[in-house]
1. For the stretch 84-94, name all the residues that are surrounded by 15 or more Cβ atoms within 10 Å (Cβ to Cβ) and of a type outside the set (D, E, K, R).
2. Assuming Tyr183 fulfils every condition listed in (1) open to solvent by 50 Å² or more (accessible area, probe 1.4 Å); (2) assigned to a helix (DSSP H, G or I); (3) modelled with pLDDT of 60 or more apart from one, which condition is it?
3. Considering the stretch 120-129 alone, what residues qualify as being surrounded by 14 or more Cβ atoms within 10 Å (Cβ to Cβ) and either assigned to a helix (DSSP H, G or I) or of a type in the set (D, E, K, R) (or both)?
4. Could you list all residues from the stretch 100-119 that are without any contact (Cβ under 8 Å) to a residue 40 or more places away in the chain and open to solvent by 50 Å² or more (accessible area, probe 1.4 Å)?
5. Report, ordered by the first and then the second residue, all pairs with beta carbons closer than 6 Å, sequence separation of six or more or different chains, a first member in the stretch 131-145 that is over 15 Å from Cys41 (Cβ atoms), and a second member that is of a type in the set (Ser, Thr, Tyr).
6. Among the residues of the stretch 27-75, write down those that are closer than 21 Å to Gln118 by Cα, of a type outside the set (Val, Ile, Thr), without any contact (Cβ under 8 Å) to a residue 40 or more places away in the chain and buried (at least 21 other Cβ atoms within 10 Å of the Cβ).
7. What's the number of the only condition in (1) within 16 Å of the chain's Cα centre (by Cα); (2) open to solvent by 70 Å² or more (accessible area, probe 1.4 Å) that Ser143 fails to meet?
Amino acid sequence: MQKYKRKSNWLNYFRPTIFIKSFNDINIFSLKKIGIKMIICDLDNTLAPHFSRLPTKRVIDFCKKIRDHGIKLVIVSNNNKKRVNAYVSKLQIDGAIASAKKPLKRKIVKLMNQYNMQPNEVIFIGDQFITDIWVANRIGSKSVLVLPLIEQSSDQSSNWIIRLLDRFVYKKLEHGNFLHLDYARGGVLGDEYQII
């Protein structure tokens, strides 16, 4: 009898650990409880709209809360150095990487090695499947997908191909019942019913 190898669903590469409305909905205490030592966070449309040059009080408070819990925070963005450095200069965080070229993982793996972090000690926060969630899954870390702060039409976005692919992946995941925003609003992480 011939054995058939079961194909893995390609959508799993883009499936976040949890899907919530905003970075502000994350319970930092619970991240600490499950062993998270570093948060890698996207910048544009995750923490701030792309046109926002300075962090809001909400972002500053979020960063302070992370610091108070002893978790490292690094901003990793595909945007240029000038934009990233101008924004993070007002934040007390552990570092920032500009021009990261996500979903390529080289710079992120180098960062994790620099801080001696294992994949299970790191969580990614971002608004895009193609860049943020895919790189987290490739590394083997947990991920948090947040809703984009502003909706960009494909003709307005400089990364229109990524936005187009993101919409395609979103529709496929939603159709496959992989995304549960209402469920995730309660802050449940994975199958272990841990609050984040």
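The values are calculated or read from the model by the stated rules, or taken from the named source; none is laboratory data. Here the structure is a predicted model, which is why all the values come from computation and not from measurement. As a convention, Cβ positions derive from the backbone with ideal geometry for all residues, glycine included, and neighbour counts pool all protein chains shown. Keep in mind that these areas ignore ligands, DNA and RNA; they rest on the heavy atoms of the full protein, side chains included. Shrake-Rupley method; radii C 1.70, N 1.55, O 1.52, S 1.80 Å.
1. At the first step, the residues of the stretch 84-94 found to be surrounded by 15 or more Cβ atoms within 10 Å (Cβ to Cβ) are 84, 87-88, 91, 93-94.
Of everything in the stretch 84-94, those that are surrounded by 15 or more Cβ atoms within 10 Å (Cβ to Cβ) and of a type outside the set (D, E, K, R) turn out to be Val84, Tyr87, Val88, Leu91, Ile93.
2. (3)
3. So the first thing to find is which residues in the stretch 120-129 are surrounded by 14 or more Cβ atoms within 10 Å (Cβ to Cβ), and the list is 121-129.
Matches in the stretch 120-129: Glu121, Asp127, Phe129.
4. Lys101, Leu104, Lys105, Arg106, Lys107, Val109, Lys110, Asn113, Gln114, Asn116, Gln118
5. The qualifying pairs are Trp134/Tyr13; Asn137/Tyr13.
6. Listed by number, the list holds a single entry, Leu73.
7. (2)
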